[in-house]
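The values are calculated or read from the model by the stated rules, or taken from the named source; none is laboratory data. Just so it is clear, the model here is predicted, and its values are computed rather than measured. For neighbour counting, all protein chains shown are included, and Cβ atoms are generated from backbone atoms with ideal geometry for every residue, glycine included.
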Amino acid sequence: MVPSRYRVVDRVEELADTVTLAVEPVDEPVAAPGHGQFNMLWAFGVGEVPISVSARSPYLAHTIRADGATTTALCSLTPGDMLGLRGPFGVGWDLDAAAGGDLVVIGGGIGLAPVRSVIRAVIAERDRFGHVSVLIGARSPDSLLYRDELADWRRDGDIEVLVTVDSAPSGWTGDVGVVTTLVDAAGFDPSRTTAMVCGPEIMMRFSALALIGRGVAAERVKVSLERNMVCAVAQCGHCQIGPVFVCREGPVFDWGAARSLLEVRQR
Amino acid sequence: MQALARDGRTVLGPTVRDGAIVIDELDSAADLPAGWGDEQGPGSYRLVRRDDEARFGHVVGPHSWKSELFPPRTLLVHSTRTADGFTVEPPDNRRPAAFVGVRPCDLRAIETQDLVFDDTDHPDPTYRNRRADAVVVAVQCTDPAATCFCTSMGTGPRSTSGFDLALTEILDGRHRFVIEIGSETGRELIATVPHTEATAIDLEIAQARSDDAAAHIVRRVDTDGLPARLAATLEHPQWDNVAERCLTCANCTMVCPTCFCSAVEDRTDLTGDHAERWRRWDSCFTLDHSYMNGASVRSSSGSRYRQWLTHKFGTWHDQFGVSGCTGCGRCIAWCPVGIDVTEELSALASDPASEGTVPPEGAGPQEVQ
Amino acid sequence: MAATRTIRELIAEHPLLADLPAADIDLIAGCGQNVHIATGRHLFHEGEPADTFYLVRSGRVAIEVAPPAGPSLIVSTTGPESLVGWSWLFPPYRWQLDARAVDEVSAIAIDGACLRGKCESDNELGYRLMQRFAQLAVDNLLAARRQLLDLYGDNSG
């Protein structure tokens with residue numbers, strides 16, 4: 001539970017309330033993370049929060065939305081500032097298992113951050129995959145993450161990138177509607193597709209249903225669950241859903257496993 | 001006691017304080033609760049005077065050994081601001097100790113917590129160090145309380161391993177202890193105190209005390225297939241029933257020797273230059289325990305009670321391969337409204353259709369004529 | 001029997017079903033039974049098999065979605081004379097949302113699984129029911145779209 005010291009080397013203001021911090025180790029570096037794993041980031045004297053890795057190179061990067069004391073403190077760090085880091089933790093996205101077929105990546109809201117490293121890794125090894133679609137849902141054009149990168153993904157990655165927003169002011173020439181409408185529009189072949197879905201839990205539930213409705217096998221639909229996390233090492237008890245510790249058996253789960261966990265009605 | 005205290009070891013064991021037998025530092029054998037016994041029941045704990053001078057004629061009180069291995073408040077890291085950032089200083093929470101009077105249920109509880117904090121990819125340094133340094137002097141129970149159910153959980157009333165020494169107290173004209181040696185450390189300790197080889201008769205008497213204790217245990221839990229049965233009861237009306245009684249006071253989780261939930265608090269001093277991270281006990285009964293994105297996953301007391309009971313007797317098996325309960329009975333005695341887990345489990349095993357007037361949540365629309 | 005006649009009359013009076021041939025109404029009535037749902041209890045949950053739909057006689061039903069933490073998000077509420085549930089007629093025949101009784105609800109629960117079977121063998125019956133339930137879905141869709149426009153604006157300044 002003792003953090004390693006890391007230093008901010010780059011800070012990008014993605015949105016009004018969202019910042020990406022690229023960091024490098026001050027002391028001994030932690031192990032390189034897998035896609036979809038997370039680190040516990042500590043703001044000196046404030047607190048520690050689980051943040052998914054949003055990039056692995058050239059630096060370890062985390063996209064953080066400021067919606068509490070700790071995340072706000074982290075979002076105010078600038079290059080040169082120090083933070084604490086523990087990790088990497090959790091079961092992430094298995095890109096090797098998806099290779100050889102089509103890939104659909106769905107990111108809703110801040111959920112696009114944990115799948116960004118996957119998208120970049122796919123671009124780096126593009127010929128291992130068939131048709132690749134990235135489906136992005138956001139609240140409005142103003143809350144679209146990594147806007148400037150999307151063109152790069154389309155061009156350099158030969159990736160079908162489809163974006164839709166829940167609402168838009170006039171002048172928006174893109175799609176308006178829920179992200180599941182993109183599932184029907186995307187050009188993947190369901191019989192050979194792996195799907196990686198990340199976003200608010202309700203959005204993951206109906207996206208998973210839409211994918212399965214289109215013929216993707218339930219065991220090839222992966223979702224990333226979120227729960228209150230404190231220790232990240234299956235010792236504090238907070239992240240449990242039924243028998244699993246989300247920090248250790250997750251956060252990425254097969255949809256079938258996730259559904260049975262989420263089916264138990266909490267009240 | 002003196003042998004145990006050698007090399008700066010803290011001797012911890014039972015002693016009377018505040019109307020209970022608690023675990024505290026002992027200066028000598030005189031601090032043991034000689035002549036004291038206890039009477040326990042749902043929501044009830046009383047000290048009673050015995051008519052002999054037994055040192056261990058009682059069972060477990062509100063404390064357990066988790067207070068020492070997994071302390072209620074533990075410093076995790078100290079950090080000091082510097083010109084270009086901060087330092088990180090992990091503390092040394094070592095405290096070599098001797099645990100005197102470890103009951104079989106509590107010894108099994110320690111072994112259960114070992115699976116959480118020690119036999120894992122990320123061992124907790126405080127737990128691991130204190131566990132390795134601890135000398136365990138177990139006591140075989142002779143006077144079970146009405147709240148005990150170690151026999152159902154397969155944890156007592158006799159320990160057969162995991163101790164350095166195990167004592168069975170015998171008072172039959174001669175007050176003596178039959179001592180089983182469980183390790184080299186135990187052997188070395190015994191060599192330092194006056195003792196004789198136990199006779200076959202003494203061993204028989206010791207065993208008879210344990211058999212007698214087992215026969216006096218009144219509470220039962222049917223553990224046959226319990227995890228699977230619990231997993232099938234998640235919509236049972238009994239959860240609504242217990243929800244009406246449970247205060248979510250978290251007493252049960254505090255006295256339980258295996259509960260391990262914790263929270264972490266960040267503190268700074270007034271200058272803001274020194275920061276500390278402290279781990280403290282937490283409980284799944286608190287509303288905050290499942291707090292996420294502005295609300296709690298488990299807001300009702302029924303869902304929180306269900307989480308605790310189904311974890312303790314059910315999903316703990318999936319996680320650690322053993323039951324989370326060792327049958328110590330503390331949760332029954334220390335529940336202010338006297339909720340008895342053995343009764344709750346029994347009620348959950350019954351057919352919901354024959355339950356009272358509270359219709360199950362899952363049943364939905366009720367047909368009317 | 002008095003109960004069956006009441007059910008038949010109610011179905012015959014319902015605006016969406018009233019103009020069905022008498023034989024259809026007899027069939028639907030035969031698949032129906034009176035039910036009562038206590039305040040706060042659910043009619044169905046997201047993910048469950050959609051085998052029953054409801055003709056609400058009295059009381060209100062909230063259609064809602066359960067987030068992982070916190071209270072459910074109400075999408076819409078329906079009142080007396082409403083038909084609750086069309087997922088029984090459209091694949092994958094699973095409820096997509098939760099339905100909860102906001103008041104004490106009296107309803108007629110109609111066996112959709114049975115009706116579905118009858119629609120398979122009698123496609124003209126199927127067509128007539130599809131027409132009406134598709135209309136119900138269209139009405140709900142238009143209402144949802146208008147709701148999404150967030151027309152009233154934000155008064156938080």
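For this structure, a couple of remarks:
- Residue, nearest to the other protein chains (Cβ to nearest Cβ), within region A:1-16, restricted to residues that are closer than 23 Å to residue A:141 by Cβ and of a type in the set (A, V, I, L, M): A:16
- Scanning region A:208-252 for residues that are touching a strand residue (DSSP E or B) at 6+ places or on another chain (Cβ under 9 Å), in a strand (DSSP E or B) and without any contact (Cβ under 8 Å) to a residue 60 or more places away in the chain turns up A:221, A:223, A:244.
- Given (1) away from chain B (no Cβ under 14 Å); (2) polar (S, T, N, Q); (3) surrounded by 24 or more Cβ atoms within 10 Å (Cβ to Cβ); (4) more than 23 Å from residue C:144 (Cβ to Cβ), index of the condition residue A:240 fails: (1)
- The set of residues in region A:90-115 that are without any contact (Cβ under 8 Å) to a residue 60 or more places away in the chain and of a type in the set (A, V, I, L, M, F, W, C) contains only A:99.
- Here is the figure for region A:177-207: residues that are assigned to a helix (DSSP H, G or I) and either in contact with a His (Cβ under 8 Å, 6 or more places away or on another chain) or of a type outside the set (A, V, I, L, M) (or both) total 10.
- Of the listed requirements (1) closer than 15 Å to residue A:230 by Cβ; (2) within 14 Å of another protein chain (Cβ to nearest Cβ); (3) part of a strand (DSSP E or B), residue A:70 misses just one: (3).
- Checked against the criteria, residue B:70 counts as hydrophobic (A, V, I, L, M, F, W, C), within 13 Å of chain A (Cβ to nearest Cβ), touching a residue at least 12 places away in the same chain (Cβ under 8 Å) and buried (at least 22 other Cβ atoms within 10 Å of the Cβ).
- Complete set of residues in region A:134-172 that are farther than 20 Å from residue A:64 by Cβ and aromatic (Phe, Trp, Tyr): A:153, A:172
- Some residue of region A:224-246 being within 21 Å of residue C:95 (Cα to Cα) and among the aliphatic types (A, V, I, L, M): no
- Checking A:116, A:86 one by one, the residue that is at pLDDT 95 or above, under 26 Å from residue A:13 (Cβ atoms), in contact with a strand residue (DSSP E or B) (Cβ under 9 Å, 6 or more places away or on another chain) and outside any strand (DSSP E or B) is A:116 and no other.
- For region A:43-65, the criterion of being basic (Lys, Arg), in contact with a strand residue (DSSP E or B) (Cβ under 6 Å, 6 or more places away or on another chain) and more than 22 Å from residue B:122 (Cα to Cα) is met by at least one residue.
- Residues satisfying the criterion are absent from region B:240-260 (criterion: in a strand (DSSP E or B), over 18 Å from residue B:344 (Cα atoms) and at the interface with chain A (Cβ under 9 Å from one of its Cβ atoms)).
Here is a yes/no grid of residues against (1) assigned to a strand (DSSP E or B); (2) of a type in the set (Gly, Ala, Ser):
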{"residue": "A:96", "(1), (2)": "no, no"}
{"residue": "A:100", "(1), (2)": "no, yes"}
{"residue": "A:127", "(1), (2)": "no, no"}
{"residue": "A:151", "(1), (2)": "no, yes"}
{"residue": "A:164", "(1), (2)": "yes, no"}
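- Among the candidates C:107, C:99, residue that is in contact with a His (Cβ under 9 Å, 6 or more places away or on another chain) and at pLDDT 95 or above: C:99
- Checked across region B:131-139, the condition of being aliphatic (A, V, I, L, M), touching a residue at least 24 places away in the same chain (Cβ under 8 Å), closer than 30 Å to residue A:3 by Cα and away from chain A (no Cβ under 12 Å) holds for at least one residue.
- In region A:180-207, the residues that are closer than 19 Å to residue C:73 by Cβ, without any contact (Cβ under 8 Å) to a residue 40 or more places away in the chain and in contact with a helix residue (DSSP H, G or I) (Cβ under 9 Å, 6 or more places away or on another chain): A:180, A:206
- Summed over region A:235-252, residues that are touching a Ser or Thr at 6+ places or on another chain (Cβ under 8 Å) and of a type outside the set (Val, Ile, Thr) total 9.
- Looking across region A:138-174, the residues that are closer than 17 Å to residue A:187 by Cα, more than 14 Å from every other protein chain (Cβ to nearest Cβ) and touching a strand residue (DSSP E or B) at 6+ places or on another chain (Cβ under 6 Å) come down to A:153, A:154, A:159, A:160, A:161, A:162, A:163.
- Conditions (1) crowded, with 16+ Cβ neighbours inside 10 Å; (2) closer than 26 Å to residue B:180 by Cβ; (3) in contact (Cβ under 8 Å) with a residue 24 or more places away in the chain; (4) in contact with a helix residue (DSSP H, G or I) (Cβ under 8 Å, 6 or more places away or on another chain); number of the one not met by residue B:114: (3)
- Selection count where residues are within 14 Å of chain C (Cβ to nearest Cβ) and assigned to a helix (DSSP H, G or I), scope region B:292-343: 4
- Region C:57-74: number of residues that are farther than 20 Å from residue C:8 by Cα, surrounded by fewer than 16 Cβ atoms within 10 Å (Cβ to Cβ) and more than 11 Å from every other protein chain (Cβ to nearest Cβ): 1
- Within the option set B:267, B:280, being part of a strand (DSSP E or B) and closer than 19 Å to residue B:113 by Cβ holds for one residue only, B:280.
- The residue list B:282, B:266 contains one member that is farther than 23 Å from residue A:243 by Cβ, free of Cβ contacts under 8 Å to residues at least 24 places away in the same chain and within 9 Å of another protein chain (Cβ to nearest Cβ), which is B:266.
- Hits in region A:227-255 (condition: aromatic (Phe, Trp, Tyr) and out of contact with any helix residue (DSSP H, G or I) (no Cβ under 6 Å at 6 or more places or on another chain)): A:245, A:253
- For region C:32-56, residues that are buried (at least 18 other Cβ atoms within 10 Å of the Cβ) and more than 9 Å from chain B (Cβ to nearest Cβ) total 7.
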